[in-house]
Every structure is written in C-alpha cells, then in structure tokens.
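We did not get these values from a lab; they are worked out from the coordinates using the rules stated. Computed from a predicted model, the values in this text were never measured in an experiment. No Cβ is skipped: glycine too gets one built from the backbone with ideal geometry, and neighbour counts run over all protein chains shown.
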Amino acid sequence: MKYFCALFFVAAVSAGRLQNVYLPPSSSSSAGGSSSFLSTPLRSAPAAPTGLYNAPSSGPTSPPAAILRLNNDNNGDGTYSFDFETENRITQQETGQVRGAGGDAAVVAQGSYSFVAPDGQSFTVNYVADENGFQPQGAHLPVAPPVPAEILKALEQNAADEAAGIVDDGQYRPDPSEGAASRQYLAPRPTIRTQQSGGYRY
C-alpha cells in the first residue's frame with residue numbers, strides 16, 4: 001500500500017499540466033488539402049515595430065519637411081515663446097507664462113498656427129489655453145448652436161431655487177403642509193345599490 005501511494009505521488013509530481021489550448025500538429029499544413037485552410041501558429045515572435053509611426057507601404061513616401069525658421073526662448077521663470085515655419089507652409093507661434101503661485105500655479109498659453117490643405121486652401125487657428133481649457137477660434141471651425149430658450153429658463157429657475165434654499169437632490173420629502181391623516185390609507189366607503197324596476201343601476 002505504501003509502495004502504491006509513493007508511486008502515485010511520484011506520478012502526480014512528474015506529470016505535466018495539461019494545456020487547455022489545442023494546437024494542430026506541425027505537419028497540418030500539408031496534411032490533406034490546402035495549406036491555407038489549416039496552419040500551425042507562428043513558432044517565432046513577430047518582428048518588433050521599427051518606429052512610432054510606420055508610413056503606409058503603398059506608394060512613394062516623401063521626406064520630412066525642412067524647418068525654414070525656428071525661434072525658441074525659455075527664460076527659466078515659466079515664461080517662454082517659440083515660433084517656427086516649415087517648407088510645406090506650416091507655421092506656429094506661441095507665448096506662455098505662469099499664472100498663480102504654489103499649488104494653484106498654472107501655465108497660460110496663447111498663440112496661433114496655420115497650414116495649407118492639400119486642395120490649396122489655407123487655415124488659421126488662434127487659441128488660448130488656460131484654466132478654462134483649450135479655446136480655439138477659426139473661421140473654418142464649427143460653432144455650437146445657441147442654447148434653447150427652455151434650457152435657459154430651466155437654468156434660471158434652478159439658480160433661483162438654489163438661492164431660496166430649495167434644493168432638489170432626488171430624495172422624497174413629504175409636503176409639511178399636509179396633515180398626517182392625509183397620508184394614511186383609508187378603505188373605500190361601501191356604496192349601496194338600490195334595485196329599481198329597470199334592474200340594477202351601475
């Protein structure tokens with residue numbers, strides 16, 4: 001019995017864990033039919049990408065645009081400015097400074113950039129980036145529709161209610177002007193039906 005237990009223990013320890021993924025045999029590509037129907041998984045790792053951006057392989061690729069002008073000033077106190085221009089007519093200029101102090105300090109930037117679309121049309125975007133986020137302006141940018149009058153009225157009503165101390169947080173609160181008896185369930189009163197010559201009256 002001890003021999004059987006020891007043999008069982010040795011067999012259990014030496015047994016490999018069963019894989020729960022089926023892999024076809026390596027000869028499956030030539031076993032019965034088209035090799036494109038059943039093929040073995042890749043045995044080698046795929047090649048690592050050569051860069052952050054791989055240009056499409058179809059068609060010729062153009063070299064990067066040359067920088068015609070570049071100015072970059074950083075004073076080390078949080079103020080900076082830069083501007084550049086490339087040979088494919090992209091320009092950008094930006095200035096920035098630190099607003100606030102300590103934990104509330106934030107960089108405020110303003111600038112503009114322009115580019116020429118493939119159809120030859122020129123686009124310019126002026127922007128400010130501050131505590132209110134990135135705020136671009138440009139003739140080609142879509143403009144949000146005006147806020148409907150009903151929404152404006154609801155917002156005004158909410159502000160007036162909040163100023164008056166009325167806050168709707170979704171909780172049920174019974175009306176204090178109603179008495180306790182009005183919130184109690186009362187059984188319906190029985191109705192007495194009378195029989196007339198014409199039959200029952202409903």
Check: Taking the highest mean first, how do the peptides 70-76, 110-116 order by number of other beta carbon atoms within 10 angstrom per residue?
Finding: 110-116, 70-76
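Mind ordering 120-130, 89-99 by average Cβ neighbours within 10 Å, highest first?
Details: 120-130: 12.7, 89-99: 14.6.
Those peptides, ordered most packed to least, come out 89-99, 120-130.
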Next item on the list: Using DSSP to define loop residues, name the GluC sites (Glu not before Pro) in region 123-174 whose beta-carbon has at most 11 other beta-carbon atoms within 10 Å.
Entry: E131
Next item on the list: Rounded to whole Hz and in sequence order, give me ³J(HN,Hα) for region 140-146 from the Karplus expression 6.51 cos²θ - 1.76 cosθ + 1.60, θ = phi - 60°, writing x for Gly and Pro.
Entry: 8, 7, x, 10, 5, x, x
Next item on the list: At 7 Å along the Cα-to-beta-carbon direction for both S112 and D73, put a label point, then send me their distance in nm to one decimal.
Entry: 1.9
Next item on the list: Please report the relative contact order for region 67-172, taking Cα pairs under 8 Å with a sequence separation of at least 6, and give it as a percent rounded to a whole number.
Entry: 13
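R0 = 30 Å: FRET efficiency of D130 with E156, Cβ-based, nearest 0.05?
Values: r = 28 Å, r/R0 = 0.92.
With R0 = 30 Å, the Cβ-Cβ based efficiency is 0.65.
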